[in-house]
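**Student:** Quick one: structure below, then a few questions.
The numbers here are math on the coordinates, done by the rules we state, and not lab data. What you are looking at is a predicted structure, and each value in this text was computed from that prediction instead of being measured. Ideal geometry is used to build each Cβ from the backbone, glycine not excepted, and the neighbour counts take in all protein chains shown.
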Amino acid sequence: MQKAFASQADLEDKKVTFSQLSEHAWAYTAEGDPNTGVVIGDDAVLVIDTQATPAMAQDVIRHIRTVTDKPIRFVVLSHYHAVRVLGASAYGAEHIIASEETLDLIRERGEQDKASEIGRFPRLFRAVESIPPGLTWPTITFRDEMTLWLGKVEVRISHPGRGHTRGDTIVWLPQERTLFSGDLVEYNATPYAGDAYFQDWPRTLDKLAALDPLQLVPGRGDALRGREQVQAGLQGTRAFVQELFEAVRAGAQTSSDMHQIYRQVYGKLKVKYGQWVIFDHCMPFDVSRAYDEATAYPDPRIWTAERDVQMWKQLEA
Ligand SMILES: [Zn+2]
């Protein structure tokens, strides 16, 4: 039997956890669904990744209001993916911060990504009608790094290099060694790599590891606490990315039959990573992008709703 397209058959709601990680940092996590980070400064709140719709963002706001009544003034987009950015309007923030590369990607492929992501994973776009027309546009962009002071709380926002996308952004609280990594790091969740730069991603993770975080909020999965668990999260993501790319590159050297390469790589990675959430969702997109990068496409091709379905039929037939 053919698998239902992407995650159209994934309908079960996850349990939300809102927990404090360090003096000013909180994590809104949901058993492998996309996470939101929260920094509560002296005078304002900063939110990292918004959830997919304003209606879903309202639940984040409700949790924030159980611990502070300070205004939510800043939203940081860790990257351009719709599931991270389209809830932004709910916060009424003064500023939406993103890297210049992320702004480029929103301009270039934001509309297609929105249609594609809603089609792939309808459950993650609860009350999709609450999304205002158009896209989420940053009001502040930076090239490499910027620092925001929430009173005495230092918030470093930077683009450490390419990985999950071309514009990946992390948020680092140096005073309490807490890192918000976006989808550059996942924990017990499969990294989505359909828009990735496989050969850059491990180097970028090295930069995150060099910060020596004591707490880390990944893009998906539980928040990581303590040096050992943080390094395990970084190492797990790095291993998946490297093993997948090497397996696809080896396959591409002897065959151009995508279906065959896919079955081989799927079988190989399933043993070690098959228990991570959204494994079956991610694999076709990840293998497609890895094949592109190993052959003719240095930059990820734009996914459209049509290309999604066409690829899925080819690989999952
Ligand atoms: Zn993403």
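**Student:** In this structure, does Arg65 turn out to be surrounded by fewer than 16 Cβ atoms within 10 Å (Cβ to Cβ) and over 29 Å from Pro213 (Cβ atoms)?
**Tutor:** Numbers: surrounded by fewer than 16 Cβ atoms within 10 Å (Cβ to Cβ): yes; over 29 Å from Pro213 (Cβ atoms): no.
Against the criterion (surrounded by fewer than 16 Cβ atoms within 10 Å (Cβ to Cβ) and over 29 Å from Pro213 (Cβ atoms)), Arg65 does not qualify.
**Student:** Which count do you get for residues in region 177-197 that are over 22 Å from Gln275 (Cα atoms), part of a loop (DSSP other than H, G, I, E, B) and more than 11 Å from the ligand (Cβ to nearest atom)?
**Tutor:** 2
**Student:** On to the next question. Within 15 Å of the ligand (Cβ to nearest atom) and surrounded by fewer than 22 Cβ atoms within 10 Å (Cβ to Cβ): which single residue out of Arg162, Arg166 fits that description?
**Tutor:** That would be Arg162, the only listed residue that is within 15 Å of the ligand (Cβ to nearest atom) and surrounded by fewer than 22 Cβ atoms within 10 Å (Cβ to Cβ).
**Student:** Sticking with this structure for a sec: Tell me which residues, restricted to region 119-162, are of a type outside the set (A, V, I, L, M, F, W, C) and part of a helix (DSSP H, G or I).
**Tutor:** Gly119, Arg120, Pro122, Arg123, Glu129, Ser130
**Student:** If you don't mind, there's one more thing I want to ask. Please tell me if Thr147 is surrounded by 16 or more Cβ atoms within 10 Å (Cβ to Cβ) and either in contact (Cβ under 8 Å) with a residue 40 or more places away in the chain or more than 16 Å from the ligand (Cβ to nearest atom) (or both). Don't jump to the end; show me each part of the working.
**Tutor:** Working: surrounded by 16 or more Cβ atoms within 10 Å (Cβ to Cβ): no; either in contact (Cβ under 8 Å) with a residue 40 or more places away in the chain or more than 16 Å from the ligand (Cβ to nearest atom) (or both): yes.
No.
**Student:** Also, I was wondering about something else. Go through region 198-219 residue by residue and tally those that are part of a strand (DSSP E or B) and either touching a helix residue (DSSP H, G or I) at 6+ places or on another chain (Cβ under 6 Å) or surrounded by 24 or more Cβ atoms within 10 Å (Cβ to Cβ) (or both).
**Tutor:** Total satisfying the criteria: 4.
**Student:** Return the residue satisfying two criteria in turn: it lies in region 2-35 and is of a type in the set (S, T, N, Q) and more than 20 Å from the chain's Cα centre (by Cα), and of such residues it is nearest to Val60 (Cα to Cα).
**Tutor:** Checked region 2-35; the qualifying residue nearest to Val60 (Cα to Cα) is Gln20.
**Student:** Taking Gly32 as the residue in question, decide whether it is surrounded by fewer than 22 Cβ atoms within 10 Å (Cβ to Cβ), within 16 Å of the ligand (Cβ to nearest atom), under 27 Å from Arg227 (Cα atoms) and of a type in the set (Gly, Ala, Ser).
**Tutor:** Criteria met by Gly32.
Let's see how each residue does on (1) touching a strand residue (DSSP E or B) at 6+ places or on another chain (Cβ under 7 Å); (2) within 16 Å of the ligand (Cβ to nearest atom):
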{"position": "Gln51", "(1), (2)": "yes, yes"}
{"position": "Arg62", "(1), (2)": "no, no"}
{"position": "Arg65", "(1), (2)": "no, no"}
{"position": "Phe74", "(1), (2)": "yes, no"}
{"position": "Ser78", "(1), (2)": "yes, yes"}
{"position": "Ala82", "(1), (2)": "no, yes"}
{"position": "Val85", "(1), (2)": "no, yes"}
{"position": "Ser89", "(1), (2)": "no, no"}
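**Student:** State all residues of region 235-264 that are among the β-branched types (Val, Ile, Thr), in contact with a helix residue (DSSP H, G or I) (Cβ under 6 Å, 6 or more places away or on another chain) and closer than 23 Å to Arg203 by Cα; if no residue qualifies, say none. Even if it seems obvious, please write down each step before you answer.
**Tutor:** The initial filter retains those residues of region 235-264 that are among the β-branched types (Val, Ile, Thr), namely 237, 241, 248, 254, 261.
Among the residues that remain, those that are also in contact with a helix residue (DSSP H, G or I) (Cβ under 6 Å, 6 or more places away or on another chain) are: 241, 248, 261.
Those that are among the β-branched types (Val, Ile, Thr), in contact with a helix residue (DSSP H, G or I) (Cβ under 6 Å, 6 or more places away or on another chain) and closer than 23 Å to Arg203 by Cα: Val241, Val248.
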